[in-house]
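Colleague: Please find one structure pasted underneath; my questions will follow.
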Amino acid sequence: MKIAIIGGGASGLMCGAVLAENNVTAVVFDGNEKLGKKIYITGKGRCNLTNKCQPDEFLENVVNGQRFMRGAINRFSSLNCINFFEEHGLKLKTERGNRVFPESDKASDVIKVLTKLNSKNQICLNEKIQEIKLDENKYVVRTDKNKYNFDAVVIATGGKSYSLTGSSGDGLEIAKKLGHKIVEPKPALVALQLKDKFVKEIQGLSLKNVTLHAEFENVKQQKTKLQLQGEMMFTDVGITGPIVLSMSSKINRAENIKLFIDFKPALSKEQLDLRLLRDFQENKNKNISYIIHGLLPKKLASVFLNRIEISENKKVHEITKEERNKIISCLKEFDLMYKNLYPLESGIVTSGGVELTEINPKSCESKLHSNLYFIGEVLDVDCLTGGFNLQTAFSTAYVCAIDLVNKIIKE
Ligand SMILES: Cc1cc2nc3c(=O)[nH]c(=O)nc-3n(C[C@H](O)[C@H](O)[C@H](O)COP(=O)(O)OP(=O)(O)OC[C@H]3O[C@@H](n4cnc5c(N)ncnc54)[C@H](O)[C@@H]3O)c2cc1C
């Protein structure tokens, strides 16, 4: 059986590696001049290649495609993935949040291992696939250089973001032309743009231990509430940081999005009132800005007072009960005016892709055409940060490769 793997990224290379381990060879095509270009930039160049956790915990971190991933993650779990790389000579370490990295802190070492394991395969670099057609039982693959016939094709072309790494969404176009439905690609794990003008004044300011709340209508038009606690940061036109990136993945298909920050999630409104009363009592003749500086970073304090229309120089003893309540409400529910997600190009992953109901989760084979497979980010699967996205690429690649091996054994 002649097999083509379109894309020499995380999923394509893992698929080629598992095939080669089972004495099956394939032709791996990549439009780039080298393999695994996106892997180089993962985990800030350190490659958080998986998350050391049980399959159930993995599934909790899948935003779209949870049910689809159940089979693949059980067949090739993160523990299998860790063993796989260690058995092939890559020493790994586990950091905060069970994130697994190469001990060398070099993403290039992950690529080296995967490249070596693909040495029996034919690698065609600088060769972009332009079209795939089904001609009787053969797949006719047309590239910018040549035309080939294959018995089986694995589409591992990735998502649509960070297109300089080669993932420009070609796989989605190919899938569409072969009759597959595509869930509209949206950026995920991405910053959020706000309409609020004040963000420019405080860009770069980072907040720790705050809660970001979102209220929105989900795809089923149900009103939904979500809250995430942790760290976030202001950009020149919006917000970013760990909780914002996670939130983006949960709201990127939603409508009527409302956001607010709780600056003091550990305190109830009543507790905050008691704290303010005590602070007021002790600092009667100070300016209100003095009290607010005790509660919020300096840069944010003046934005905050502007928002509630209290002058920075107003004396604490002049603050009315109504104004004190305003301070409390604004500390607990500081509204942000949501504008949009940052562009697709800047998403760490793409949400959306090949519709999962048309793919067999046991093998990642198309239900429309036999011997056509889709693996990795080209599928409508996306996860939170922590190594779950690469694990998805590896697990889907594994089940696909094993299915091909089994077919060849039966031939
Ligand atoms: C900045 C950044 C940091 C990240 N960090 C992490 C992390 O630490 N941990 C984690 O789990 N995930 C991380 N991710 C996500 C992870 O990199 C991807 O989910 C993963 O690489 C997807 O693997 P893939 O094989 O589906 O696609 P890719 O790795 O994108 O590979 C697709 C390949 O297909 C090739 N290709 C595309 N179209 C064609 C064509 N027409 N012809 C030939 N070849 C083609 C491309 O050149 C590319 O090499 C990060 C992503 C980014 C952008």
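Colleague: Taking LEU336 and the conditions (1) closer than 17 Å to LYS176 by Cα; (2) more than 16 Å from the ligand (Cβ to nearest atom), which numbered condition does it fall short on, given that it satisfies the others?
Modeller: All conditions are met except number (1).
Colleague: Please return the ranges of strands (runs of 3 or more DSSP E) entirely within segment 80-187 where 1 or more residues are within 11 Å of the ligand (Cβ to nearest atom). Even if it seems obvious, please write down each step before you answer.
Modeller: On the way: elements: 92-95, 99-102, 122-124, 129-135, 138-143, 147-150, 152-155.
In segment 80-187, the matching strands (runs of 3 or more DSSP E) lie at 99-102, 122-124, 129-135, 138-143, 152-155.
Colleague: In the set GLY169, GLY179, GLY204, which member is in contact (Cβ under 8 Å) with a residue 12 or more places away in the chain and buried (at least 17 other Cβ atoms within 10 Å of the Cβ)?
Modeller: Working: GLY179 fails: buried (at least 17 other Cβ atoms within 10 Å of the Cβ); GLY204 fails: buried (at least 17 other Cβ atoms within 10 Å of the Cβ).
Sole residue among the options that is in contact (Cβ under 8 Å) with a residue 12 or more places away in the chain and buried (at least 17 other Cβ atoms within 10 Å of the Cβ): GLY169.
Colleague: Which of (1) out of contact with any Asp or Glu (no Cβ under 8 Å at 6 or more places or on another chain); (2) within 16 Å of the ligand (Cβ to nearest atom) does VAL349 not meet, given it meets every other one?
Modeller: Condition (1) is where VAL349 drops out.
Colleague: Another question about this same structure. Being near the ligand (Cβ under 7 Å from one of its atoms) and basic (Lys, Arg) is the requirement here; does LYS38 meet it? Quick ask: steps written out before the conclusion?
Modeller: Details: near the ligand (Cβ under 7 Å from one of its atoms): yes; basic (Lys, Arg): yes.
Considered against the rule, which asks whether it is near the ligand (Cβ under 7 Å from one of its atoms) and basic (Lys, Arg), LYS38 comes out as yes.
Colleague: Could you look through segment 1-35, keep only residues that are within 16 Å of TYR148 (Cβ to Cβ) and touching a Ser or Thr at 6+ places or on another chain (Cβ under 7 Å), and pick out the one that is nearest to the ligand (Cβ to nearest atom)?
Modeller: GLY7
Colleague: All but one of (1) within 27 Å of LYS160 (Cα to Cα); (2) out of contact with any strand residue (DSSP E or B) (no Cβ under 7 Å at 6 or more places or on another chain); (3) loosely packed, with under 13 Cβ neighbours inside 10 Å; (4) of a type outside the set (Asp, Glu) hold for LYS195; state the number of the condition that does not hold.
Modeller: Of the numbered conditions (1) within 27 Å of LYS160 (Cα to Cα); (2) out of contact with any strand residue (DSSP E or B) (no Cβ under 7 Å at 6 or more places or on another chain); (3) loosely packed, with under 13 Cβ neighbours inside 10 Å; (4) of a type outside the set (Asp, Glu), the odd one out for LYS195 is (2).
Colleague: Could you tell me how many of the residues in segment 358-379 are in contact (Cβ under 8 Å) with a residue 60 or more places away in the chain and either surrounded by fewer than 24 Cβ atoms within 10 Å (Cβ to Cβ) or assigned to a strand (DSSP E or B) (or both)? Steps first, answer last, please.
Modeller: Taking segment 358-379 first, the residues in contact (Cβ under 8 Å) with a residue 60 or more places away in the chain are 358-359, 361-362, 364, 366, 368-369, 371-379.
Add one more test, that the residue is either surrounded by fewer than 24 Cβ atoms within 10 Å (Cβ to Cβ) or assigned to a strand (DSSP E or B) (or both), and what stays is 358-359, 361-362, 366, 368-369, 371-374, 379.
Final tally of qualifying residues: 12.
Colleague: On the basis of being under 30 Å from LEU134 (Cβ atoms), assigned by TED's automatic domain parsing to the domain that holds GLY386 and of a type in the set (A, V, I, L, M, F, W, C), does LEU164 make the cut?
Modeller: Details: under 30 Å from LEU134 (Cβ atoms): no; assigned by TED's automatic domain parsing to the domain that holds GLY386: yes; of a type in the set (A, V, I, L, M, F, W, C): yes.
So LEU164 does not fit the description; no.
Colleague: Just to verify a result, which residue in segment 300-317, among those that are part of a helix (DSSP H, G or I) and free of Cβ contacts under 8 Å to residues at least 24 places away in the same chain, is surrounded by the fewest Cβ atoms within 10 Å (Cβ to Cβ)?
Modeller: Within segment 300-317, the subset part of a helix (DSSP H, G or I) is 300-307, 316-317.
Applying the additional criterion that residues be free of Cβ contacts under 8 Å to residues at least 24 places away in the same chain yields 301-302, 305.
Numbers: ALA301: 19, SER302: 17, LEU305: 21.
For segment 300-317, the residue satisfying everything is SER302.
Colleague: Has segment 267-274 got any residue that is farther than 30 Å from LEU384 by Cβ, buried (at least 19 other Cβ atoms within 10 Å of the Cβ) and more than 29 Å from the chain's Cα centre (by Cα)?
Modeller: Yes, some residue in segment 267-274 is farther than 30 Å from LEU384 by Cβ, buried (at least 19 other Cβ atoms within 10 Å of the Cβ) and more than 29 Å from the chain's Cα centre (by Cα).
Colleague: Checking the conditions here, which among GLU60, GLU103, GLU86, GLU95 is over 24 Å from the mean Cα position of the chain (by Cα) and charged (D, E, K, R)? Don't jump to the end; show me each part of the working.
Modeller: On the way: GLU60 fails: over 24 Å from the mean Cα position of the chain (by Cα); GLU103 fails: over 24 Å from the mean Cα position of the chain (by Cα); GLU95 fails: over 24 Å from the mean Cα position of the chain (by Cα).
GLU86 is the lone residue from the list that is over 24 Å from the mean Cα position of the chain (by Cα) and charged (D, E, K, R).
Colleague: Return only the number of the condition from (1) away from the ligand (no atom under 11 Å from the Cβ); (2) touching a residue at least 12 places away in the same chain (Cβ under 8 Å); (3) not acidic (Asp, Glu) that GLN66 does not satisfy.
Modeller: Single failed check for GLN66: (2).
Colleague: Now, a different point. Within segment 373-381, identify whether any single residue is modelled with pLDDT of 95 or more, outside the structural domain of ILE251 (by TED's automatic domain parsing) and away from the ligand (no atom under 16 Å from the Cβ), and answer yes or no. Break it down into steps so the answer makes sense when it comes.
Modeller: So the first thing to find is which residues in segment 373-381 are modelled with pLDDT of 95 or more, and the list is 373-381.
From what's left, outside the structural domain of ILE251 (by TED's automatic domain parsing): 373-381.
Those still in the list that are away from the ligand (no atom under 16 Å from the Cβ) too: none.
No.
Colleague: Only one of these is modelled with pLDDT of 95 or more, buried (at least 23 other Cβ atoms within 10 Å of the Cβ), touching a Lys or Arg at 6+ places or on another chain (Cβ under 6 Å) and not acidic (Asp, Glu): GLY31, GLY9, GLY16. Name it.
Modeller: Working: GLY31 fails: buried (at least 23 other Cβ atoms within 10 Å of the Cβ); GLY16 fails: touching a Lys or Arg at 6+ places or on another chain (Cβ under 6 Å).
Only one candidate qualifies: GLY9.
Colleague: Can you find, within segment 382-403, the residue that is farthest from the ligand (Cβ to nearest atom) among those that are closer than 14 Å to ILE155 by Cα and among the aromatic types (Phe, Trp, Tyr)? Step through it out loud before you land on a result.
Modeller: Looking only at segment 382-403, we keep the residues that are closer than 14 Å to ILE155 by Cα, and these are 393-394, 396-401.
Those left that are additionally among the aromatic types (Phe, Trp, Tyr): 394, 398.
Values: PHE394: 9, TYR398: 13 Å.
Among residues in segment 382-403 that are closer than 14 Å to ILE155 by Cα and among the aromatic types (Phe, Trp, Tyr), the one farthest from the ligand (Cβ to nearest atom) is TYR398.
Colleague: Quick one: LEU341 ticks every box in (1) more than 30 Å from THR157 (Cα to Cα); (2) at pLDDT 95 or above bar one, so which box is it?
Modeller: Going through the list (1) more than 30 Å from THR157 (Cα to Cα); (2) at pLDDT 95 or above, LEU341 breaks only (1).
Colleague: Which one of the conditions (1) farther than 19 Å from PHE58 by Cα; (2) away from the ligand (no atom under 13 Å from the Cβ); (3) in the same structural domain as ASN61 (by TED's automatic domain parsing) does LEU356 fail to meet, given that it meets all the rest?
Modeller: So the condition that LEU356 fails would be (1).
The values are calculated or read from the model by the stated rules, or taken from the named source; none is laboratory data. Every value quoted in this text rests on a predicted model; they were computed, and no experiment measured them. As a convention, Cβ positions derive from the backbone with ideal geometry for all residues, glycine included, and neighbour counts pool all protein chains shown.
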